[in-house]
Each structure stands twice: as C-alpha cells, then as structure tokens.
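Everything below concerns the one structure shown next.
Coordinate-derived values only; no laboratory data. Nothing here was measured: the structure is a model prediction, and the numbers come from that model. All Cβ positions, even for glycine, are placed from backbone atoms using ideal geometry, and neighbour counts span all protein chains on display.
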Amino acid sequence: MAQRFYDTRTATVRDFVPLIEGEVSLYCCGATVQGMPHVGHVRSAIAFDILVRWLEYTGLKVTSIRNVTDIDDKILEKSAASFADDFEENDLYPAEEPWFALAYRFEQEFTRAYSALGVRRPTYEPRATGHIPEMLALIQRLVEAGHAYPATDGSGDVYFDVNSWPTYGELTRQRLEDMKDAPDADPRGKRDPRDFALWKGAKDGDPDTAAWESPWGRGRPGWHLECSAMSTKYLGSRFDIHGGGLDLRFPHHENELAQSAAAGDGFANFWMHNGMVTYEGEKMSKSVGNTVSPEEMLAMARPKAVRYFLGQAHYRSQLDYRPTSLEEAEAAVDRIEAFLERGADVVADLQLQREDTGSVARALGGESAPEAVYVAQFSSVPTAFRAAMEDDLNVPQALAVLHDSVRAGNSALAAGDVDDVEQHYADVQAMVDVLGLEDVPEPGSAEDSSAHHALDALIQAQLKARAAARADRDWATADRIRDTLAAAGVVVEDSPDGARWSLQ
C-alpha cells in the first residue's frame with residue numbers, strides 16, 4: 001500500500017508523494033505562549049511527533065517546523081495586568097512581568113511538557129518576533145498585488161481584502177457571505193468587516209518594545225500572517241504538509257492559505273488536522289470545571305502512560321478523557337513493558353549462544369555471522385502495522401497489532417519457543433520505537449539516571465558470581481552474595497529466566 005493521508009483541503013484521503021523525492025517538509029502551528037499548555041496542545045504535539053517518527057522510519061528525511069507565537073493580544077493584556085495597582089500576584093502570574101518575559105517563561109513550560117512526554121524537538125522552532133522583516137515583505141507583496149490595503153482611519157492597521165481572493169473559504173468549504181465578521185481592531189478602518197488584520201498599528205498604552213517600524217507605521221504582525229511568513233522562510237513557497245489542531249482550521253488556517261496563495265505561494269500540499277480532547281463526551285471548559293491539564297495527568301500516571309493515552313486515538317478523531325483513562329493506559333503500557341523485559345533476557349541468551357557458536361566456527365576455520373543475520377531478519381515492523389500506519393496514520397489499528405504481538409510473545413515465552421520469542425520481541429521493540437514510547441523519560445526514577453546504569457553493572461557482576469556459585473553448588477557463597485545485596489537495599493528475585501534485581 002502507498003502512504004495515504006486525509007487532506008482537509010480536498011476532504012479526501014489521497015496518496016502522499018513528497019514534493020522532493022526522499023524528503024518531507026512539515027509545518028505545525030505551535031503555541032501562543034500566554035499561559036500554561038493545555039491537553040489539546042500536547043495531544044497535537046504527540047500526533048505530529050508520531051507522524052514524523054513514522055515518516056523517518058520509512059526512510060524519508062523530515063524537516064519539521066513548529067512555531068512559537070510570542071507576541072499576541074493576550075500576552076500583552078496579561079503583562080499589562082501585572083503592572084496594575086490592584087493586581088493580585090499568584091504562582092502563575094507574578095507582578096510587573098514584561099510581555100517578553102511572560103512569553104518566554106510559558107514557552108519553557110511548553111518545552112517541558114513536550115519533553116516530559118517524549119515529543120522530540122522540531123528541526124527549527126522559530127519565534128514570531130524574530131521574523132518581522134519576512135512578515136513586512138509578505139504584506140508588501142499583498143499590497144502591491146491588490147489583495148491588502150492600509151486602514152482608512154489612520155490607525156496603521158493593514159488588512160487582507162477577502163473579496164479580492166475568489167477562493168477564500170476553500171479550506172473549510174464556506175461561502176464568504178456566510179462568514180462572521182473578523183474580530184480585528186477597529187472595523188471602521190476596513191472595507192469589509194470580514195477582512196482580517198495583517199498588521200496591527202501600535203495603540204496607546206502598548207509597550208514600546210511590542211512595536212516595530214513598518215511602511216504603514218509602528219505596530220506588530222497579525223497572528224495569521226506570522227505562520228505564512230515563517231513556514232515559507234524555512235520550507236519554501238511550496239511544502240508538503242501543514243498541520244495543527246482542528247480548531248485552527250478557521251479562521252487561522254483559512255487565512256493563512258488565502259494570504260499565501262494570493263501572494264503567489266503554492267503553500268501546503270496537504271493539510272492535516274488533529275481532533276480535540278473531550279471530558280466524558282463534553283467539551284473541556286474551565287467555567288464548567290471539567291478540564292484536566294497535562295500537569296495533572298502527569299501527577300496521576302507515568303509519562304509513558306500519559307503519552308500512550310494521548311496518542312492512542314486516530315489523530316483525526318475526538319479523544320475522550322474519562323476518570324479511568326490513565327489507569328487503562330497504564331495497564332496497557334505495563335503489559336508491553338513486562339513482555340519486553342522478559343523477552344530481553346531470552347534474546348540476550350540467544351545472542352550469547354550465537355556468539356559462542358561463531359567463536360567455535362571460526363576456531364575450526366568456518367564462517368559465521370549470526371549478528372548480521374539477526375539485524376537483517378528483525379529490523380522492520382510487522383506488515384499489518386505498516387499497513388495501518390500507511391492508511392492515514394491509523395494508530396488504533398497499529399496498537400492492535402502491537403498488543404497482538406505482545407500476546408503472541410507471552411504465549412511463546414510460556415511455551416519455551418525461544419525463536420518465536422525473539423521474533424515477537426523484535427516486532428514489539430520496532431513498533432514502540434515508531435510510536436515514541438521508548439523515548440519517554442521517567443523523571444526522578446532511578447532508571448532515568450546514569451547512576452542507575454553504573455549500579456546495574458555492579459549488581460550484574462554480583463549476580464553472575466552468585467549464579468556461578470550456585471552452579472558449583474557453593475550455597476554458602478551464593479547466600480552471602482544475596483545477603484550482601486539485601487543489606488544494601490537490593491532485592492534479588494530468582495525466576496526460570498534468571499535473577500532480576502530491584503531496589504527496596
């Protein structure tokens with residue numbers, strides 16, 4: 001099967017062929033950093049992280065861009081409020097915080113949330129404030145082409161003329177006459193109330209640091225303009241995929257498409273949008289009190305389980321959170337990890353046997369290359385997993401293949417079929433790698449520290465000495481090693497697959 005994705009613009013699932021052979025260019029709308037990340041931000045980041053990982057797994061070189069909107073009405077409003085005489089300082093919003101400090105502080109919160117859930121950094125992560133010249137150049141092109149105009153009220157605003165672009169509304173399949181007025185600046189400066197701002201003239205009370213010089217007066221860019229300028233700067237006038245949350249289709253992505261196309265750019269070949277997160281079937285709302293934040297999720301479950309939950313639905317589907325959701329995700333992750341832990345011992349023993357066999361063969365003048373055979377035989381995901389991912393990134397079906405392999409692997413372990421265990425172990429490992437589950441750190445855990453690895457090496461040496469003593473029926477030495485480890489807080493558990501250790 002060829003790779004296929006649903007394209008929002010055409011409302012069809014169609015074959016995906018990169019514009020440049022062997023390479024993929026991807027732009028995802030990032031956060032407006034005016035507050036803490038919410039679960040929708042993180043769900044979107046995980047969905048597109050899985051997309052990038054899958055494309056890279058298939059051998060494609062991916063250039064990914066995720067912007068940071070670090071200048072915005074809400075950022076300025078929250079900063080201004082912190083300087084008011086009646087402002088009540090709190091843990092989230094300190095007093096007298098400049099807008100750029102507020103934006104940077106919350107940008108770091110987004111970075112921490114992404115990192116905690118194994119979302120890799122994009123190739124580039126440009127900030128809006130670092131690309132004002134590119135935005136001014138884009139506005140100038142639109143003005144010269146007759147698709148944009150300065151406001152008539154002397155405010156310094158510049159608007160996109162929606163009536164000048166016949167296909168405006170094509171992304172969301174809307175007619176211009178059915179659209180609501182755009183909520184930008186003073187409508188008296190517009191030719192049409194549905195026109196949207198490309199440039200916002202500086203207002204009384206705005207900080208001097210929040211305005212830049214332009215041919216139309218000091219001001220700052222409009223939200224929609226920022227993404228058009230940054231995506232084409234890094235990916236070119238035409239690129240493969242533009243992604244983001246479903247809530248961004250209109251007006252943000254509709255306006256991006258219109259202004260970019262009107263300026264002469266081919267822009268995105270595919271538009272991909274992830275679905276929203278709900279709470280027991282209802283839209284999350286602070287006023288209703290049915291929200292759950294990434295921070296709260298991470299307090300309730302391990303990061304790997306949170307990532308599993310947020311990434312388990314089809315990216316275009318609604319993801320519904322219930323009080324038991326994280327428990328179910330934790331149980332699913334535990335099953336995967338338990339098999340990988342037990343399977344790793346079997347695979348390690350097999351490889352040691354192959355190494356011993358190879359040594360004997362070489363000593364006798366023969367040839368043996370068991371490691372090369374292993375890599376060639378077990379380096380790919382199962383065919384059914386590939387088919388699911390090629391079918392518009394069908395992660396639910398891919399997870400079904402993953403869990404089928406875990407069940408089959410456990411059956412092979414119970415039956416003592418080591419070759420079958422090895423095959424399923426390799427399959428499961430390849431699938432969890434593609435889904436990003438292996439890259440999720442466990443903050444604060446011993447397993448996430450270099451000290452753990454050093455401790456493991458020392459304990460394994462003791463366990464090997466104990467195993468040798470037991471093989472020689474030297475029970476006194478074996479017991480002494482076990483007692484010494486126990487005194488140090490190390491619990492040794494014997495099993496048919498060998499000894500394992502854990503800390504008390």
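Karplus-derived 3J(HN,Hα) values for segment 81-94, using 6.51 cos²θ - 1.76 cosθ + 1.60 with θ = phi - 60°, are 4, 6, 9, 6, 4, 9, 5, 9, 5, 9, 4, 8, 10, x Hz; glycine and proline are entered as x. The relative contact order of segment 203-316 comes to 21 percent, based on Cα pairs under 8 Å that sit 6 or more residues apart. Of the peptides 302-308, 292-298, the ranking by mean beta-carbon count within 10 Å, highest at the top, reads 302-308, 292-298.
Among 94-102, 314-322, sorting by the average number of other beta carbon atoms lying within 10 angstrom of each residue, highest first, gives 314-322, 94-102. Between the entries [x] 26.2; [y] 30.5; [z] 27.4, the label attached to mean projected area of the Cα convex hull in nm² calculated for this structure is [y].
Seen against the Cα atoms of the chain and their longest principal axis, helix 99-116 is set at about 30 degrees.
Across segment 249-258, coupling constants 3J(HN,Hα) worked out from phi with the 6.51/-1.76/1.60 Karplus curve, θ = phi - 60°, read 4, 9, x, 4, 6, 4, 6, 4, 4, 5 Hz, and Gly and Pro carry x.
Decide, for segment 29-141, between rounded, prolate and oblate: order the square roots of the alpha carbon gyration tensor eigenvalues as a ≥ b ≥ c, take rounded if a/c falls under 1.5, and otherwise choose prolate if a/b is larger than b/c, else oblate. Oblate is the answer for segment 29-141, as a/c is 1.5 or above yet b/c matches or exceeds a/b.
For the residue pairs LYS190/LYS286; LYS200/LYS283; LYS78/LYS283; LYS180/LYS200, the alpha carbons lie more than 29 Å apart in LYS190/LYS286; LYS200/LYS283. Backbone amide hydrogens, once placed in the peptide plane, bring TYR159 within less than 5 Å of TYR149, ALA151, LEU198, excluding anything fewer than 5 places away on its chain. Charge tally for ARG173 (other residues, Cβ to Cβ under 15 Å; Lys, Arg +1; Asp, Glu -1): -2. Within the shell defined by Cβ-Cβ distances under 13 Å, the residues around ALA398 carry a net charge of -4, with Lys and Arg each +1 and Asp and Glu each -1.
Beta bridges per DSSP, both residues in the chain: antiparallel share near 50 percent. Charge tally around ARG249: other residues with Cβ under 13 Å, Lys/Arg +1 each, Asp/Glu -1 each, net -2. Enter the angle in degrees (range 0 to 90, nearest 10) between the Cα long axis of helix 450-471 and the first principal axis of the Cα atoms of the chain, meaning the one along which they spread out most. That works out to roughly 20 degrees.
By the beta-carbon count within 10 Å of each Cβ, the least crowded to most crowded order of TYR93, TYR425, fewest first, is TYR93, TYR425.
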